[in-house]
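Chemist: Provided herewith is a single structure, encoded as structure tokens, for subsequent inquiry.
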Amino acid sequence: MGRIREIILSDKNRLLLDAGYVRGKSHAFRKRCQLVLLKSEGRSSVEVATILKMHQASVNAWLNRYEAEGIEGLHTKPGRGRKPVLCKEQHGLALMEAVKKNRQSLRATKVAFEQSRSSDDPAVSEGMLRRFLKALTVHIKE
């Protein structure tokens, strides 16, 4: 077994991490705050990984990021995850025109919308179209 990497926290940092662990907006952020707090207790990375059900390499990677960026480094950076196929600015007008022509049929709206798009755009399912229309109506009401 290797040496245990020590994390020494100031009182201010410990309070910030405790607050993040209790009141953080995302589950991932709360888990990362807990990770740093557990490591500050002198636990090994393997032990922390077992408690949090993650790999010890992830534990060490988040510790590196915490040491480099502080508590802000524990937030998920923007741009992560799957990118949307449809965007309000790019596809909103074309979709609204297709809806105006075919108000009663989602299938006909889908056909009209796909004809207005370029051939290299990915295919859109009826479910995706329904969710996008729902998001557009929320956007219009605001």
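Chemist: Using the Cα atoms as the points, what is the convex hull volume per residue of the range 36-142 in Å³?
Modeler: On the way: hull volume 18.9 nm³, N = 107.
Taking the convex hull of the Cα positions in the range 36-142, it is 177 Å³ per residue.
Chemist: Which residue, S125, V48, V85, has the largest displacement toward the positive end of the dipole of the chain when charges sit on each Cβ (Lys, Arg +1; Asp, Glu -1)?
Modeler: Projecting each Cα onto the dipole axis, the largest value belongs to S125.
Chemist: Compute, for the chain, the length of the dipole vector about the Cα centre, with Cβ point charges of +1 (Lys, Arg) and -1 (Asp, Glu) only. Units Debye, rounded to 20.
Modeler: 500 debye
Chemist: Quick one: compute the contact order of the range 11-74, relative version, from alpha carbon pairs under 8 angstrom and 6+ residues apart, as a percent. Provide the component values of the computation, followed by the final result.
Modeler: Numbers: 52 pairs, mean separation 16.8, N = 64.
Across the range 11-74, relative contact order equals 26 percent.
Chemist: Of A94, V111, L136, which is farthest towards the positive pole of the range 88-141's charge dipole, taken about the Cα centre with +1 and -1 on the beta-carbons of Lys, Arg and Asp, Glu respectively?
Modeler: Projecting each Cα onto the dipole axis, the largest value belongs to L136.
Chemist: Here is a follow-up. In whole Hz, with x marking every Gly and Pro, tabulate ³J(HN,Hα) for the range 18-33 from phi via Karplus 6.51 cos²θ - 1.76 cosθ + 1.60, θ = phi - 60°.
Modeler: 4, 5, x, 5, 8, 10, x, 6, 10, 4, 4, 5, 4, 5, 5, 5
Chemist: Also, quick follow-up: Within the range 1-96, list the GluC sites (Glu not before Pro) lying in a DSSP loop whose Cβ has at most 11 other Cβ atoms in a 10 Å radius.
Modeler: Numbers: sites: E6, E41, E47, E67, E69, E72, E89; in loops: E6, E41.
Hits after loop and neighbour filter: E6, E41.
Chemist: When only C-alpha pairs under 8 Å and at least 6 residues apart count, what is the relative contact order of the chain, in percent? Walk me through the numbers on the way to the answer.
Modeler: Details: 98 pairs, mean separation 21.8, N = 142.
So the answer I get is 15 percent.
Chemist: Calculated from DSSP H runs of 4 or more alone, at -39500 (n - 2.57) each and per residue, what is the 222 nm mean residue ellipticity of the chain, nearest 500?
Modeler: Numbers: 7 runs with 90 residues, N = 142.
So the helix-based figure for the chain works out to -20000 deg cm²/dmol.
Chemist: In units of 2.2 N^0.38 Å, what is the alpha-carbon radius of gyration of the range 11-74?
Modeler: Working: Rg = 10.6 Å, N = 64, 2.2 N^0.38 = 10.7 Å.
My calculation over the Cα atoms of the range 11-74 gives 1.00.
Chemist: In this model, which of K12/K83; K25/K53; K31/K88; K77/K110 are farther than 25 Å apart at the alpha-carbon?
Modeler: Over 25 Å apart, Cα to Cα: K12/K83; K31/K88; K77/K110.
Chemist: Another question about this same structure. Work out which trypsin sites (Lys or Arg not before Pro) in the chain are exposed loop sites (DSSP not H, G, I, E or B, at most 12 other Cβ within 10 Å) and give the longest gap free of them.
Modeler: Numbers: sites that count: R3, K25, K53, R80, R82, R103.
No qualifying site falls inside 104-142, the longest such stretch.
We did not get these values from a lab; they are worked out from the coordinates using the rules stated. Remember, it's a predicted structure, so these values are computed and weren't measured experimentally. Cβ coordinates were reconstructed from backbone atoms using ideal geometry, including for glycine residues, and neighbour counts include every protein chain displayed.
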